[in-house]
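One structure is given here, and the rest of the page talks about it.
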Amino acid sequence: MATGTPATKALDRAKVPHTLLPYEHDPANVHFGDEAVTALGQDPRQVFKTLVVACTGGAAPLVVAVVPVAQQLDLKALASEAGAKKAALADHAVAERTTGYVVGGISPLGQRKSLPTFIDASAQAFATMMVSAGKRGLQVELSPADLARVTRASFVAIAR
């Protein structure tokens, strides 16, 4: 079993049933979501990537978007949902400093600073979904409802 990450510790504290899915991360691979899908043999619509997004003209300067690996984040839709004028992917250094995770291992769970979180509504079609467990080479499988509860997230249409 992998050592605990802030994400797994948050799930344990919340008593959320989950399964850890470790895999061998290739340090040369920067397509982290695709790597997880391939390594674990999972449906790319059921494995989700966590993106930190910078918003302007809204209440929150940074938000978290959780979208399927098989799709892309619709920045206009996210900006609208977040009540912002514009949205753009956050600088990697800002994302890492704010969440406490490295890019490719950013989890929506157990972040250093709690950010408004938006999960693509497609997650609700599955009994379970997979997200990063807080480090490269480790995913966690849990129910979409549990992820939303622990992260205080909203389900919205933000993927295309």
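Going by a ≥ b ≥ c, the root eigenvalues of the Cα gyration tensor, does region 45-115 fall in the rounded group (a/c under 1.5), the prolate group (a/b larger than b/c) or the oblate group? Judged from the Cα gyration tensor, region 45-115 comes out oblate (a/c at least 1.5, b/c at or above a/b).
For the residue pairs Lys49/Lys85; Lys49/Lys113; Lys85/Lys113; Lys9/Lys113; Lys15/Lys49, alpha carbon separations beyond 21 Å are given by Lys49/Lys85; Lys85/Lys113; Lys15/Lys49.
When the square roots of the Cα gyration tensor eigenvalues are ordered a ≥ b ≥ c, the ratio a/c for region 55-160 is 1.5 or more and a/b does not exceed b/c, which makes its shape oblate. Beta bridges from DSSP with both residues in the chain: antiparallel share about 75 percent, rounded to the nearest 5. Accessible surface computed residue by residue for region 1-125, with neighbouring protein chains in place and a 1.4 Å probe, gives 52 Å² per residue.
Ordering 90-99, 41-50, 126-135 by mean Cβ neighbour count within 10 Å, with the highest value first, yields 126-135, 41-50, 90-99.
Full extension of the chain between Leu89 and Thr128 yields a length gain of 11.4 nm, computed as 0.36 nm times the residue separation minus the alpha carbon distance. Peptides 24-35, 101-112 ranked from most to least packed, by the mean per-residue count of other Cβ atoms within 10 Å: 101-112, 24-35. 3J(HN,Hα) couplings calculated from phi for region 54-61 with the Karplus curve 6.51 cos²θ - 1.76 cosθ + 1.60 (θ = phi - 60°) are, in sequence order, 8, 10, 10, x, x, 6, 10, x Hz; Gly and Pro show x.
In region 55-160, the portion of solvent-accessible area held by carbon and sulfur atoms comes to 52 percent [1.4 Å probe, whole percent, DNA, RNA and ligands not counted].
Simple point charges give the picture: +1 on the Cβ of Lys and Arg, -1 on the Cβ of Asp and Glu, and for region 1-88 a dipole about the Cα centre of about 460 debye.
The values are calculated or read from the model by the stated rules, or taken from the named source; none is laboratory data. Since this is a predicted model, take the numbers as computed values, not measurements. Note: ideal-geometry Cβ built from the backbone for every residue, glycine included; neighbour counts use all protein chains shown. In case anyone asks, the SASA skips ligands and DNA or RNA and just uses the protein heavy atoms, side chains included. Shrake-Rupley method; radii C 1.70, N 1.55, O 1.52, S 1.80 Å.
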